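Notes follow once the structure below has been shown.
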Amino acid sequence: VPLSVVVESPMTDQSYVTDIMIVADGNPNAGLATFHFTPASGSAEAQTRIRLATTQNISAIAKMNDGSFFVDTRQVKVTIGGCGG
């Protein structure tokens, strides 16, 4: 499953995203990926691909330099098709 995360942030020395963590609540190891940023990154966005066995919620957690967090969650539906049954 392709996954893109974008956090709107000025990415200045005063206010920027330090980390984005991707979590899947249905996986045995919930943490899928962590991306690290600095003001020099220019923007807080990341793309990756993830593999899921079942439909589940995926959460993106953005940590700001002041210690605050922002969370967004989406359900990703997984269907079995093709030769997999």
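The values are calculated or read from the model by the stated rules, or taken from the named source; none is laboratory data. Since the model is a prediction, treat every value here as computed from it, not as a measurement. Glycine gets a Cβ as well: all are built from the backbone with ideal geometry, and neighbour counts include every protein chain shown. Only protein heavy atoms, including side chains, enter the accessible area calculation; ligands, DNA and RNA are left aside. Shrake-Rupley method; radii C 1.70, N 1.55, O 1.52, S 1.80 Å.
Tabulated data for the structure shown
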read-out	value
Of residues in the stretch 15-26 being part of a loop (DSSP other than H, G, I, E, B) and free of Cβ contacts under 8 Å to residues at least 40 places away in the same chain, the one nearest to residue 68 (Cα to Cα)	25
Failed item in (1) touching a strand residue (DSSP E or B) at 6+ places or on another chain (Cβ under 7 Å); (2) without any contact (Cβ under 8 Å) to a residue 60 or more places away in the chain; (3) of a type outside the set (Asp, Glu), with residue 7 passing the rest	(2)
Close pairs from the stretch 50-74: first under 18 Å from residue 38 (Cβ atoms), partner among the aromatic types (Phe, Trp, Tyr) and open to solvent by less than 60 Å² (accessible area, probe 1.4 Å), Cβ under 9 Å, at least 6 apart	64/16; 65/16
Subset of the stretch 1-19 [open to solvent by less than 40 Å² (accessible area, probe 1.4 Å) and closer than 19 Å to residue 75 by Cβ]	3, 5
Total residues in the stretch 34-65, condition in a loop (DSSP other than H, G, I, E, B) and on the phi < 0 side of the Ramachandran plot	10
Residue 29 open to solvent by 40 Å² or more (accessible area, probe 1.4 Å), in a loop (DSSP other than H, G, I, E, B) and on the phi < 0 side of the Ramachandran plot	yes
So residue 71, is it modelled with pLDDT of 95 or more, open to solvent by 50 Å² or more (accessible area, probe 1.4 Å) and of a type in the set (A, V, I, L, M)	yes
